[in-house]
Protein chains: 2
Amino acid sequence: MSEPTDTPRPVPPSITAAWIGLMRAQRIVLAAIEADLKAAGLPPLGWYDVLLELARATEGRLRPFEIEKRTLLTQYNLSRLIDRLEGKGLVQKELSGEDGRGRWVVITQDGRAMQARMWTVYSRALSDHVGRKLDESSADALAGLLAKLTD
Amino acid sequence: MSEPTDTPRPVPPSITAAWIGLMRAQRIVLAAIEADLKAAGLPPLGWYDVLLELARATEGRLRPFEIEKRTLLTQYNLSRLIDRLEGKGLVQKELSGEDGRGRWVVITQDGRAMQARMWTVYSRALSDHVGRKLDESSADALAGLLAKLTD
DNA sequence: AGCGGGTACATGCTATTGCATCTATGTCGC
DNA sequence: GCGACATAGATGCAATAGCATGTACCCGCT
C-alpha cells in the first residue's frame, strides 16, 4: 500500500504555470494600483471595497457580516477596518433594532466623497495596469477562466 | 481644459470583471492552499518559495537579492523571513567573500527535507484547488493571459 | 422559563508587514 | 586616495493581520 500524503503528486506544468502566473499577476498589478493610490495620498484598496459596497447598498447601509461576504475580508479584520473608517468619519456605526447582536454600518457624505475620489485614481490605475495590457475579448476570456477556479 | 486626474475613467466591464476575478481567484485559491499547509502542520507558502529557489540553485546557495528578484518578496520582509528560516535551522547565513556587503543564504539538509515535505502537501493542494478546476488547455490559456498582465 | 447551541461582533495578544532609516561596502570619476 | 553616489542588507517603530477567545444576543426545544 502506498501512503498518498507522503508522495508528491505529479502536477502538470500547465497547472503550475497557471498558478504561478496567477500569484505573480495579482501581486504585480495590485502593487501597482496600491502605489498609485498612495501616490495620490489616498487610503488602500481595502477601504475602497468597503466604501463601494456601502455606497451601492440601499440607504448606504449594510451589516458587517454582509460586507464580509461581499469583500472576502475576515471577520476580525473587517471589524477593525470599520473602526478605522469610523475614525476618519467615513462611516458611522449604529445599533441594529431588529437584531440585538448586530450593528449597521452607514456610509457618510465624507465616505461617499472619498469613494468617488478613490475611483478617479483607481479607474485610471485599472486602465493603465489592466486595460492597457488586455483587449476586451482577452479580458472576457480571462474572467471566464478565473471564474472556473472559484466554483 | 479638462483635469484628467479629477475625472473617473470609463473602464470597460470586461476589464473590471477580469480584475475582480483575478483578486478573488488568487485569494480563494491561496487561502485554500495555505489552509492545507497549516492543517498539515507546515509553514506558510512564502517559506516554500524561498526553500525551493535555494534547493534549485547551484550548491543550494543564493544571495538575498537574488531570492528577492525570484520571489517578489520585498527586501525587508525577505531579510526577516531568512532570519526565521535560520531560526528553524532550515538555512544558514554565511558572509560573502567577494562582496563584503553580501551574505550567502545556504539551504541545510533540514531545509531540503522541509521543502520536500511541503511539496507533498502543496502538490496535492494544487491538484485539488487548481488542477481539478481547469483542464490543461484552459490552464495554458490562463497562464498566457496572465502573462500579458505582467509585461 | 430555562438550557443548548448557533450567530454577530469585539478584543487581547502575538506575528508579520510596511516604512524609514542605518551601516557597511562597492564603484566611478577625478 | 578621496568624495559622491549606488548597492546589499539589517533594524526600530508603527500599522495591520491572524488567532483565540469573550460578550451579547437569537432560536429551537423542552
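Only the coordinates and a few stated rules stand behind these numbers; no lab work does. All of these numbers come straight from a predicted model, not from anything done at the bench. Note that we place each Cβ from the backbone using ideal geometry, even for glycine, and neighbour counts take in every protein chain shown.
Counting from the shortest, the label point at residue A:137, 7 Å from Cα toward Cβ, is 1.7 nm from the same position in each remaining copy. With label points set 7 Å from Cα along Cα→Cβ, the inter-copy distances at residue A:151 are 3.0 nm, sorted shortest first.
Remark: mean inter-chain Cβ contacts per residue of A:134-140 equal 6, using a 10 Å Cβ-Cβ cutoff to other protein chain atoms. Build a GNM of chain B with springs between Cα atoms under 10 Å: which of B:15, B:33, B:67 gets the top mean-square fluctuation? Judging by the Gaussian network model, the answer is B:15.
Of all beta-carbon atoms in chain A, the one sitting closest to the axis that brings chain A onto chain B gives A:26, 2, with the distance in whole angstrom. Each residue of region B:78-88 was assigned a 3J(HN,Hα) from its phi angle through the Karplus curve 6.51 cos²θ - 1.76 cosθ + 1.60 (θ = phi - 60°); the sequence is 5, 4, 7, 4, 4, 4, 5, 4, 5, x, 8 Hz, with glycine and proline shown as x.
Computed over region B:14-139, relative contact order equals 28 percent, with contacts defined as Cα pairs under 8 Å that lie 6+ residues apart.
P(r) for region B:14-139, from all Cα pairs and a bin width of 10 Å, is 12, 36, 31, 16, 5, 0 %, short bins first.
Over all residues in A:125-131, what is the mean tally of Cβ atoms on other chains that come within 10 Å of each residue's Cβ?
Average per residue, whole number: 5.
Calculated translational diffusion coefficient of the protein assembly as shown (20 °C, 1.002 mPa s; Stokes-Einstein with Kirkwood radius over alpha-carbon pairs) equals 99 µm²/s.
Which lysines have a Cα lying under 27 Å from the Cα of residue B:148, excluding residues fewer than 8 positions away in the same chain? Straight-line reach from residue B:148, under 27 Å: A:38, A:133, A:148, B:69, B:133. If each label sits 7 angstrom from Cα along the C-beta direction, how far apart, in nm, is residue A:56 from its counterparts in the other copies? Nearest first, the other copies' label points are 3.8 nm away. Taking amide H positions as modeled 1.01 Å from N, with prolines and chain starts lacking one, the residues under 5 Å from residue A:9 and 5 or more places away or on another chain are B:123, B:124. Look at the stretch A:96-103: the mean tally of other chain Cβ atoms within 10 Å of its residues' Cβ atoms is 0.
Which one of A:55, A:141, A:35 has the biggest mean-square fluctuation once chain A is modelled by GNM with Cα springs under 10 Å? Looking only at A:55, A:141, A:35, the biggest GNM fluctuation is shown by A:141. In nm, give the distance between the simple-model label positions of residue A:113 and residue B:99, each being 7 Å from the Cα along the Cα-to-Cβ direction. About 4.9 nm, to one decimal.
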